[in-house]
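The values are calculated or read from the model by the stated rules, or taken from the named source; none is laboratory data. What you see is a predicted model, and the numbers here were worked out from it, not measured in a lab. Cβ atoms come from the backbone with ideal geometry, glycine included; neighbour counts cover every protein chain shown. For accessibility, only protein heavy atoms count, side chains too; no ligands or nucleic acids. Shrake-Rupley method; radii C 1.70, N 1.55, O 1.52, S 1.80 Å.
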2 protein chains.
Amino acid sequence: MAKEKKLVENITPRDEDFAQWYTDVVREAELCDYSSVKGCLNYLPNGYAIWELIQADLDKRFKETGVENVYLPTLIPENLLEKEADHVEGFAPEVAWVTHGGMERLQERLCIRPTSETLFCDLWSKTVQSYRDLPKVWNQWNSVLRWEKTTRPFLRSREFLWQEGHTLHATYEEAEERTIQMFHVYEDCYKETLAIPFVSGRKAEHEKFAGAQDTYTIEALMHDGKALQSATSHFFGSGFPDAFDIKYVDKNNQLHSAYETSWGWSTRSIGAIIMVHGDDSGLVLPPHVAPVECRIIPIAQHKEGVLDRANVLLDELKKAGYRVKIDDSEKSPGWKFSEQEMLGIPTRIEIGPKDIEKNQVVVVRRDTREKIIVSLDEIATKLRDILETIQEDMYNRAVDFLNGHIDTAVEMDEMVEKFKANRGFVKACWCGDPECEGEVKYATGGAATRCLIEDEEMISDKCIWCGKPAKHMAYWGKSY
Amino acid sequence: MAKEKKLVENITPRDEDFAQWYTDVVREAELCDYSSVKGCLNYLPNGYAIWELIQADLDKRFKETGVENVYLPTLIPENLLEKEADHVEGFAPEVAWVTHGGMERLQERLCIRPTSETLFCDLWSKTVQSYRDLPKVWNQWNSVLRWEKTTRPFLRSREFLWQEGHTLHATYEEAEERTIQMFHVYEDCYKETLAIPFVSGRKAEHEKFAGAQDTYTIEALMHDGKALQSATSHFFGSGFPDAFDIKYVDKNNQLHSAYETSWGWSTRSIGAIIMVHGDDSGLVLPPHVAPVECRIIPIAQHKEGVLDRANVLLDELKKAGYRVKIDDSEKSPGWKFSEQEMLGIPTRIEIGPKDIEKNQVVVVRRDTREKIIVSLDEIATKLRDILETIQEDMYNRAVDFLNGHIDTAVEMDEMVEKFKANRGFVKACWCGDPECEGEVKYATGGAATRCLIEDEEMISDKCIWCGKPAKHMAYWGKSY
């Protein structure tokens, strides 16, 4: 698989041109590429394998909270899309329309789902009658399509992979609780599995999902100081269900509205992993989402016994449950090291004649390049500790970076200065008027509210733009 | 979730009207239903959970043979679909066309993939240059869309879920070997996981997949004597790769054609499970694909200690790795039994005051209704044995049914008589002319060749229709 071009020289230094560095890493690590369908990606094995690990992890977390998986159609009839006014306004301009099926022109256009609230509500309107039919706590793993004008690998593409959870509840409180519960599931997964910290909270009024009453968002900070909206959980109240005429009768035969949530996590998260953890040598994968946790690289493999011993080690580590591979190709160890680093494999094990003589191997961490000598007798247990340490260290370094890139501003000139340096988030107060946000955005070259801060004392009682009484404190940031 | 309607009375007896029985089981077990998009299904939790188990099993088998998962776009530009002549002829009449994206009319129509050979070949035409880039052994789990006129749940719907594997090889032999290897993976999974036997082999010339040189098929026999084409593996030779101008250079810098395969398994397999194993009380799931392997049903649960002990058992069985649930609702045990049977849950455990006194439970097999008394001390290990026995017995019964429904015919009148009784497959010889097959089909009310029999001595040297020299012996059958 490996080609000689695959060397660190093909990667633009990260701090020289971050956008180019990102593109280079995606290409050289063979994560995805553009297909012949404009704006749509081919998810290649190296990229898709990361997604599979994220899926497995999230899906397990979902199921522990009682989520059931389903699959609803790819196509949505135009009349369904139009049932909820805010929703159609938000999505209609960016959908793809099917107008012909087989040899015939369709009587009604069908769009390829940009998201599936309308399909879930349509199904529930036909099947939910009684309190006994509630709650519905459903999820699907699928792709959606939005006709974006500009695209970037993983971050924004016309078609992307995600999961969309949709739930329906008998009470407002239960639905609100589920919205927040799934928001916390996302938070846990970002921290524990992706080793990515973030700021998080509710979106400002005008930034909410089309049709939602509340949107909770996770905003991770990329290395270039920009925020990435990384996962969202929405509370719809009874707006959507009412629009679809979903009603249920309680034990006393009284008719009620039902309450809805939805929540989504996409392949954007792979972009976040790249941009939070990557370095000048390429990708750096947190062990928990690394399709290969360790690559064994034999040294002087032509010498007698080296390949044999390396393969015994491979079997031993496989048996112990590691995702491990060996590179016994004819390339030089230097090339092999470079490739392992490009792919972000968290550890490599170097094993040569001298190591074998000493009954040891050298484990090299991808994140710090630290070399750790481990006895061959202990490697099958010690490697797990090393991987867990890497996972933890990567998270802690990302936390330090995040904490070091949150500023505060009370006056507009501070705000402008902070964003000139592209440092990260700025905590600032705001009257809640979208027009003021628009002015700040213009003055800072793009910074807007990312999420509200509701559990801290406000640093000012005035809007940073208009000076009128502040309604919110928020994290502001430029974003992808 | 359970409604009172959910009783065996809602199911048409299987031997009275098989088609209606099938529809009833799908509905009452809440496996799937039709959506508002004509011909497209909603896969509901009970149905999708079966698919998840099949996916996990197949995916593991694939990866053990070196398969890597990817994801390619949902949309195919019209010019790509048209590159391989047989392929476009086969699929163009049954695709859905996207003509508008966002607010604009597209310059070129895009179809929703009916299958993705064209996309894989397009990608490889840009990325495969050298022998070092081969083989590609890729698969994707996705949905495809074919604009079918008549549909039936799981068996034929406009959109369906499947996996499509696509591989590219340096030599004819390697590709042919991979085609047969994946065919065997399918055979193993049908037998071992779905407990479904079958006849299998190559398709006759005119029955092959559009563009394929060889198609290998698995043909399972449903309870009504009809065959279901259950999974297929295709060898394309270099036809497709050549049409897409995929060439690679070998070690000596010589240019060569590449060779391709593809292989698919769909949610049809859920239909096969229903129609092979189901009975008058509803679904009967083989334990290996049963989302719930055991449902605990407390007897006289209002009596002191019963629910507590049942819940202790639940925890114990969960801990031991079983997919187990408890039904502690207010319904009567009779209703609960009926529902567990309808859902096809392989075992139920009845636990009441007397059982607790005797430190035992009653395990009831879904397939045979046999009651097995097991000590509470041993249930956590014994239940696995019972489930494995059920799995094995279900397979063996299905094998007996299959073997008892394969006839032979040398003369046409025998053939006609056998198919009048709708017994199953008939082994008969044939000259290979599609016109003769057409005549047989007309005379038998629908029976055609399902697959060729190439490892047995021919039972006749003459075509059963025209009497000219026989070229093939085949299994003939009516089919879904």
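Note on region B:233-243: residues that are touching a Lys or Arg at 6+ places or on another chain (Cβ under 9 Å) and surrounded by 23 or more Cβ atoms within 10 Å (Cβ to Cβ) amount to 5.
Of all the listed residues (A:CYS121, A:CYS111), the sole one being more than 10 Å from chain B (Cβ to nearest Cβ), among the hydrophobic types (A, V, I, L, M, F, W, C) and either outside any helix (DSSP H, G or I) or under 22 Å from B:CYS40 (Cα atoms) (or both) is A:CYS121. Among the residues of region A:360-368, not a single one is open to solvent by 60 Å² or more (accessible area, probe 1.4 Å) and in a helix (DSSP H, G or I). Among residues that are open to solvent by less than 10 Å² (accessible area, probe 1.4 Å) and under 26 Å from the mean Cα position of the chain (by Cα), B:ILE274 is included.
Among the residues of region B:92-105, those that are more than 23 Å from B:GLU164 (Cβ to Cβ) and either crowded, with 22+ Cβ neighbours inside 10 Å or in contact with a strand residue (DSSP E or B) (Cβ under 6 Å, 6 or more places away or on another chain) (or both) comprise B:THR99, B:HIS100, B:GLY101.
Determine whether A:GLY66 is in contact with a strand residue (DSSP E or B) (Cβ under 8 Å, 6 or more places away or on another chain), surrounded by fewer than 17 Cβ atoms within 10 Å (Cβ to Cβ) and either at pLDDT 95 or above or not assigned by TED's automatic domain parsing to the domain that holds A:LYS136 (or both). Against the criterion (in contact with a strand residue (DSSP E or B) (Cβ under 8 Å, 6 or more places away or on another chain), surrounded by fewer than 17 Cβ atoms within 10 Å (Cβ to Cβ) and either at pLDDT 95 or above or not assigned by TED's automatic domain parsing to the domain that holds A:LYS136 (or both)), A:GLY66 qualifies.
Of the residues in region A:78-91, none is facing chain B (nearest Cβ under 7 Å) and open to solvent by 40 Å² or more (accessible area, probe 1.4 Å). Checking B:ARG423, B:ARG397, B:ARG384 one by one, the residue that is closer than 25 Å to B:ILE459 by Cβ and basic (Lys, Arg) is B:ARG423 and no other. Reported count of residues in region B:182-227, each being free of Cβ contacts under 8 Å to residues at least 60 places away in the same chain, of a type in the set (D, E, K, R) and outside any loop (DSSP other than H, G, I, E, B), is 2. Taking the listed residues A:ASP385, A:ASP377, the one that is open to solvent by 40 Å² or more (accessible area, probe 1.4 Å) and in contact (Cβ under 8 Å) with a residue 12 or more places away in the chain is A:ASP377, with no other qualifying. You will find that of B:GLU52, B:GLU16, the residue that is part of a loop (DSSP other than H, G, I, E, B) and either open to solvent by 40 Å² or more (accessible area, probe 1.4 Å) or of a type outside the set (Gly, Ala, Ser) (or both) is B:GLU16 and no other. Residues in region A:334-344 that are open to solvent by 10 Å² or more (accessible area, probe 1.4 Å) and within 23 Å of the chain's Cα centre (by Cα): 2 in all.
Residues are listed down the side, and each one gets a yes or a no for (1) modelled with pLDDT under 95; (2) open to solvent by less than 20 Å² (accessible area, probe 1.4 Å):
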{"site": "B:THR444", "(1), (2)": "no, yes"}
{"site": "B:CYS463", "(1), (2)": "no, yes"}
{"site": "B:LYS471", "(1), (2)": "no, no"}
{"site": "B:ALA474", "(1), (2)": "no, yes"}
{"site": "B:TYR480", "(1), (2)": "yes, no"}
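Take the residues in region B:124-164 that are in a strand (DSSP E or B) and among the polar types (S, T, N, Q), then tell me which one is farthest from the other protein chains (Cβ to nearest Cβ). The extreme case among them is B:GLN163.
Name every residue in region B:21-58 that is in contact (Cβ under 8 Å) with a residue 12 or more places away in the chain, more than 9 Å from every other protein chain (Cβ to nearest Cβ) and within 17 Å of B:GLU192 (Cα to Cα), in order of residue number. Selection gives B:ILE50, B:LEU53, B:ILE54, B:GLN55, B:ASP57, B:LEU58. Quick check on region B:246-258. Is at least one of its residues among the hydrophobic types (A, V, I, L, M, F, W, C), at pLDDT 95 or above and open to solvent by 60 Å² or more (accessible area, probe 1.4 Å)? Yes, there is a match, as at least one residue in region B:246-258 is among the hydrophobic types (A, V, I, L, M, F, W, C), at pLDDT 95 or above and open to solvent by 60 Å² or more (accessible area, probe 1.4 Å).
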